[in-house]
Amino acid sequence: MDDRAESVRSGRSDRSERSHRSHGSRHHRHHGGGNRASSRASDRSGYRDQRENRSVTINTPASENDDPMERVEVQILPQDDNWGDNTTAITGNTSETGFSMDEFRSKFGKESFDDNIGIGCARYIGTALAGILSVIGFLSPVAMVVLPKLLSNWEAGECAPECEGLLISFAFKLLILCIATVALFFRQPKATMPRVFLFRAVVLFLVFILTFAFWLFYGVRILKEKKTAYYDIVKFAVSLVDALLFIHYIAVILLEIRQIQPMYVVKVLRSPDAESKCYNIGALSIQRAAAWILEQYHRDFPVYNPYLENITKRPAKMTSLKFYNVDGNQPQNQQDRPRAIFASQSSRRRDASHNDRFYDELEYERRVRKRKARLMVAAEEAFTHIKRMQDEQGPAIPMDPHEASQAVFPSMARALQKFLRITRQQPKYSMDNVLNHLALCINYDMSPKAFVERYMPHGAIIMSEKDCRPVTKWVLVCDQLLSREIEHNLTFQLRQNDVSLLCVVKRLPHFNLTEDVIDPKTNKFVLRLNSETSV
């Protein structure tokens, strides 16, 4: 055995072996004293080294039928002595942070890579299709005007002054159409929808049908006949531009203006912490309403902390009453007596559970307020040691904001650590993260309260670096087609891991207002006085 390991030897517990060892113990003690002394010295040195290596090796006693090299090794990992004390024990699939190989494949495997590619393609395929149709519709009038001048076998007439004025109007209309199309269609989509956006598809279909129809008439009536009146050709192209401008006007109404007026109120309830908000919403489809609700959710809802769910729950306590049946069979009345005692004990626990929870919540709130007060005092004391060089009269060593944060952070580190620990936020913030935030506050002359505000548990999700990601995946659950418009008493759900948002839609009522005019003759008052009036 290695001298850096601690060995524990055990023998059999049979009476025969104990009696055998008792008879031969004196002989063994006489002949094995020197070996035991050397083993004690090696054990002491091994124990000292074991404290450094934090490893234990346990050898099982070898029997006649067992393998003499069989042993059990237990290695204790050294604990990371960082400021947050956020060491997590991983115990296989039962750990809160552990995951199995199936989950590892789902996160980092080929299927996850394909899903990411699919999400990226679906995210921009609508914008790409709209861009292609818009470019075709935009270049079609230009091609209709330029094509008679490019073909050698087509002798178009000269452009008179009225034709030139029409070309100037044509150019400005195209410029306006280009700017409006880029502003409306060429935007990064906020959400990837599971269904087709119906109004957007209608607008693109109208652009395609209009462009196809104009090219069809252009080929049959102008290109085939080689029409020589260039003014008529320009006028035909201008009519196409006018039609495209009207389609853009319809797109603005359907895609932007129609949803501005609020028509419904949606209540968003988050599970499992029961946080809820209400919002006014216009006439939207179910999938667009879900995307809009997610925008408001990331802005208005606080960060969900799953570690706070069981903060005030006590573990179930076993009763201290124990009954033993020593005599064997008992009469029925004696057997029913322990059951009645157990029932009374359980009823007392149920009656006292709400009382215990009430006082536990009060105690937890008191502790949070106490730790918050300590953190505020520590932050104020730390910020008093920082001054800008122009405000300092005597000689001083210049430091940048990061060096100043490193210099004053140790004085508030313990108070911040305790506050993050009691609010269950220590896994979210590392030491570098806290130092960078402190350096930012020092650089912009922020107050100690502004520094502490980030670590309050009521922060928005969009401001959390850990909870807000560039792309978040949600599952929309509804019993109706997602491209339909929302209606009264509609219910749908949004899911993401352990968080779910239940959305209930209610229509705003119609308000019937009547007018009541106050008569000026009756709008006069008198003052009644008596002997007890203080006026």
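Bear in mind these aren't lab numbers, they're just calculated from the coordinates by the rules spelled out. Small disclaimer: the values here were computed from a predicted structure and weren't measured. For neighbour counting, all protein chains shown are included, and Cβ atoms are generated from backbone atoms with ideal geometry for every residue, glycine included.
Using a Förster radius of 45 Å, what is the FRET efficiency between Ala407 and Arg258 based on their Cβ-Cβ separation? Nearest 0.05, please.
The computed FRET efficiency comes out at 0.20.
Label-point separation (nm) for Ala274 and Ser239, each offset 7 Å from Cα along Cα-to-Cβ?
Here the answer is 6.8 nm between the modelled labels.
Which order, highest average first, do 416-422, 155-161, 286-292 follow once you tally other Cβ atoms within 10 Å for each residue and take the mean per peptide?
286-292, 416-422, 155-161
Give the calculated FRET efficiency between Tyr364 and Met399 to the nearest 0.05, with a Förster radius of 41 Å applied to their Cβ-Cβ distance.
0.55
For region 120-257, what is the relative contact order in percent, using Cα pairs closer than 8 Å and at least 6 residues apart in sequence?
Answer for region 120-257 is 46 percent.
By its C-alpha gyration tensor, with a ≥ b ≥ c as the square roots of the eigenvalues, how is region 355-457 shaped: rounded for a/c under 1.5, else prolate for a/b larger than b/c, else oblate?
In terms of gyration-tensor shape, prolate.
Enumerate the residues in region 215-238 having an amide nitrogen under 15 Å from the point lying 7 Å beyond the Cα of Glu158 toward its Cβ.
It comes to 229-231, nothing else.
Report the FRET efficiency, 1/(1 + (r/R0)^6), for His458 and Asn512, where r is their Cβ-Cβ distance and R0 is 30 Å, rounded to 0.05.
Computed FRET efficiency for His458 and Asn512: 0.15.
Length gain on complete extension for the stretch Phe525 to Arg195, per 0.36 nm per residue less the alpha carbon to alpha carbon distance?
112.2 nm
On a 19 Å Cα-Cα criterion, which of the cross-link pairs Lys370/Lys449; Lys277/Lys506; Lys473/Lys506; Lys428/Lys473; Lys190/Lys277 come out too long?
Lys473/Lys506; Lys428/Lys473; Lys190/Lys277
Could you give the nm distance between label points at His354 and Lys473, where each point is 7 Å from its Cα heading toward the beta carbon?
4.3
What is the gain in length, in nm to one decimal, between Ile311 and His488 on full extension, counting 0.36 nm per residue of separation less the C-alpha to C-alpha distance?
Extra length available between Ile311 and His488 comes to 59.9 nm.
Obtain the nm distance between the two label points defined at Thr228 and Ser169 by a simple spin-label model: each point lies 7 Å from its Cα along the Cα-to-C-beta direction.
For the pair Thr228/Ser169, the computed spacing is 2.6 nm.
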